[in-house]
Structure formats: structure tokens, C-alpha cells
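The structure appears right after this line, and notes come after that.
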Amino acid sequence: MIARNSSLSFRNSPKTVTDIGAELGVAHVLEGSVRRAGKRVRINAQLVDSRTGGHVWAERYDGELEDIFDLQDEIAGKIIAALPVSLTATPAPARGTSNVAAYELMLKGRAKFYQFTPETNAECLALLDRAVALDPTYSNAWAEQVFPYQSGFSFGWKGYDDGLQIALEKAERAVALDPDSSLAHCRMGWLRTIMKEPDAAIASFERSVALDPNNADTHIWFSDALNFAGQPARGIEAGKIALHFDPVAPPNVFHHIAHSHYLLGKLDAAREFENRAVRIAPLFPPARIVLAATLVELGLVDEARDHVADLQRLDPRFTASVFLNRYPYRDGGQSQRIANALVTAGLAP
């Protein structure tokens, strides 16, 4: 099943179902519409064979907005029954809340985070705060708070001096509320990475994958955790799995794959993937860091200087020493390699 991020990229697209199916690499496409009137909701859904364009199944559902999860489960059951294949994957994980509004706020908060700016980071946390206020037992909403607090700290944004400690509290709360939440273990794994506990991080990610092996988000972050743990070849494989499940992925997956290639000395591939990340998210500092280091090693120092200048505009306090302190490489030689390249490109020691 393809990730929501990729499937939503085709909303209102003029492309045919056959074209979309080929682009995503799927045999079937679910399409339809949702209309809301007050507390009532109407869902029209149809399952289409992407190879032929023929309809496999279609139906209309009417119900109360409060029952939206039941309607979703009913539709999913009908789709599974209609597919001419045997589904052997593990069951889809529970949403973790019966509160529709909390679930919607969690999704909106996650989308804000991936814009990677101080302003959208604050908006993300405001949405997630509302989600946990509506359902204090909602593990996934607590888990989603980990990234914005950790990122605010790691990127040096104002107001996040204690972001790492707060992120740890959120991660621990999420795991305690639902020990079987793949998302909670994923976020804990990333936090353990940042806290320079690579073995514990890998264990958390492996638990997350075991709970939900088809979740692109887990593989995206596992990829860079493996890079920092000194396993970049395995990091590339995790990144490829992420792209399989989410072909229209968020920009950080391209950065993580670029990071893997850089650590392995495959500079041309690193440059290609990192350029994609920077084009999509120009304010994402890690992509600028690895791209600048890659360009220096390719002999393109003047081009690298432009990216270092952008880094300094994003965080005037950023230096090579700050980089060495913030970024959690198990192999100190790799972190020093990047720091040296950044200094060559004009960053203060």
C-alpha cells in the first residue's frame, strides 16, 4: 500500500488512473470523494484496476461524522474482499484514537512539520497540543511532538534550548501509552539517534518495522539513523524501501539517501539526491550541510560556499564546532570529515 503523502499528490490530477497506477507501481487505485453536511458525511468510493481502467468495485456510504472510522474500516473490508489477490501482510495498525477531530489534528500537524521552517514548526506543535487535549491517551499525537521539539533544538531555532529533553518526555509518554505503536517506537528510535545511543536507536526502529513493515515513514528515518550509526549501505536500502512505499516522498528521504552515498564516498550520487532535497525544502539545514561537504570533495568549492552562506543565514550561530556537537556520528572520522569540508567552504571553526 502506497503512503498517504504519495497518493494525495495526485489529488485533482488530470492524469488517468492507468497513468497514476504506473507511476506509483500499483495494480489497483482507490478513488472517490467525501462530502460533509453538518455532522453527516457521504463517501463515494471505487476500486479501479490500474492496468485496464476497469472498475473492480464501487459503493456509496452515508453516516455520522462521529462514525467515520467505522465507515473507513467497512470500506477497507470491502476493498480487501474485492481484490483478486491473497493479502498476507500484517493487519493495518490501529489509529490509536476514537476521536475524529484529534486524528485530523494529528495529520495536519505532521504535514506542517515537513515544511521545515520555524514558523510551521510552531504551527505543528499548536495543532498537536490541541490533539492531545482532545484525547490525552492518543499515543501517536504525543509521538508526533518528538520531531518538532528535537528539530527546533538541533537546528538552533529560538525557544528550543530544552527541546531535546521535552522530546524525550513526549517519546516516553507515547511508548508508555501504547507499547505496540509503530510510530512511537520510530520516534523514540530517532531521538535515541540524536542522543548518540545508536544501538538503542536501531533496536527501536527494528521494533517499529516489525509492528508495521509497510510504513514508509519508519524506513525514511531508519535510513538516517543507520547513517549516523555507521551503516550507510544499510541506510541506502532503508531509503529505497521508503521510496517504494512512498514514491512522492518528503524531502528528507532524498537527503538521507544522499547522506548514505556521501558517507560511502559516492559523491556524484550524493550530489544528485541532495540537490533534489534542497529544491523541495530549501530551508532544511542537514541537506545544505551534506551538499556543501559533497561539493567541496568534488572540487566545487565556490558552489559549496553558497550553501554555507545559506546555512549561516538560517542559523547565524552555526559553526563547525556546533556541527560536531549536534550531529550524532558514531564514527568521529566521518563527522570531522564533514566539519573540515564546511570550514573549507567558509564556515567558522
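Every number in this text was worked out from the coordinates using simple rules, so none of it is lab data. A quick note: this is a predicted structure, and the numbers were derived from the prediction, not measured. When we count neighbours, we look across all protein chains shown, and the Cβ atoms used for this are built from the backbone with ideal geometry, even at glycine.
Let me check against my output: what whole-number percent is the relative contact order of segment 123-186, with C-alpha pairs under 8 Å and at least 6 apart? Here the relative contact order equals 34 percent. In order along segment 142-157, phi translates into HN-Hα couplings of 5, 4, 5, 6, 4, 4, x, 5, 5, 5, x, 5, 5, 8, x, 6 Hz, rounded to whole numbers, per the Karplus curve 6.51 cos²θ - 1.76 cosθ + 1.60 with θ = phi - 60° and x for Gly and Pro. Length gained on full extension, VAL100 to ARG279: 61.0 nm, using 0.36 nm per residue less the C-alpha separation.
Rounded to the nearest 20, the Cβ-based charge dipole of segment 211-327 about its Cα centre (Lys and Arg +1, Asp and Glu -1) stands at 180 debye.
A simple rule links phi to the HN-Hα coupling: the Karplus curve 6.51 cos²θ - 1.76 cosθ + 1.60 with θ = phi - 60°, which for segment 162-178 gives 9, x, 5, 5, 5, 4, 5, 4, 5, 5, 5, 5, 4, 5, 5, 5, 8 Hz, with x for Gly and Pro. Gain on full extension, evaluated as 0.36 nm per residue between GLN46 and ASN340 minus their Cα-Cα distance, stands at 100.3 nm. With each label modelled as a point 7 angstrom along the Cα→C-beta vector, the LYS108-ALA203 pair spans 3.9 nm. Relative contact order of segment 179-249: 29 percent, from C-alpha pairs under 8 Å at least 6 residues apart in sequence. The fewest-to-most ranking of TRP190, TRP142, TRP157, TRP221 by surrounding Cβ atoms within 10 Å reads TRP157, TRP221, TRP190, TRP142. Go ahead and collect, in residue order, the members of segment 129-144 whose backbone nitrogen is under 20 Å from a label point 7 Å along the Cα-Cβ direction of MET195. Under cut-off, by backbone N: 139-144.
Of the listed pairs LYS112/LYS170; LYS15/LYS39; LYS170/LYS266, which have alpha-carbon separations greater than 27 Å here? Beyond 27 Å: LYS15/LYS39; LYS170/LYS266. The relative contact order of segment 215-349, computed from alpha carbon pairs under 8 Å that lie at least 6 residues apart in sequence, is 21 percent. Distance between the modelled labels on ASP315 and ARG60, one decimal in nanometres: 5.4 nm (7 Å Cα→Cβ projection). Annotation: aspartates and glutamates with alpha-carbon distance below 17 angstrom to LYS158 (same-chain offsets under eight excluded): GLU119, GLU123, ASP315. Going by neighbour counts of Cβ atoms within 10 Å, the residues TYR160, TYR327 line up, fewest first, as TYR327, TYR160. Karplus-derived 3J(HN,Hα) values for segment 302-307, using 6.51 cos²θ - 1.76 cosθ + 1.60 with θ = phi - 60°, are 4, 5, 5, 4, 4, 6 Hz; glycine and proline are entered as x. For trypsin sites (Lys or Arg not before Pro), the sites in segment 133-174 that DSSP calls loop and that have at most 11 other Cβ atoms within 10 Å are LYS158.
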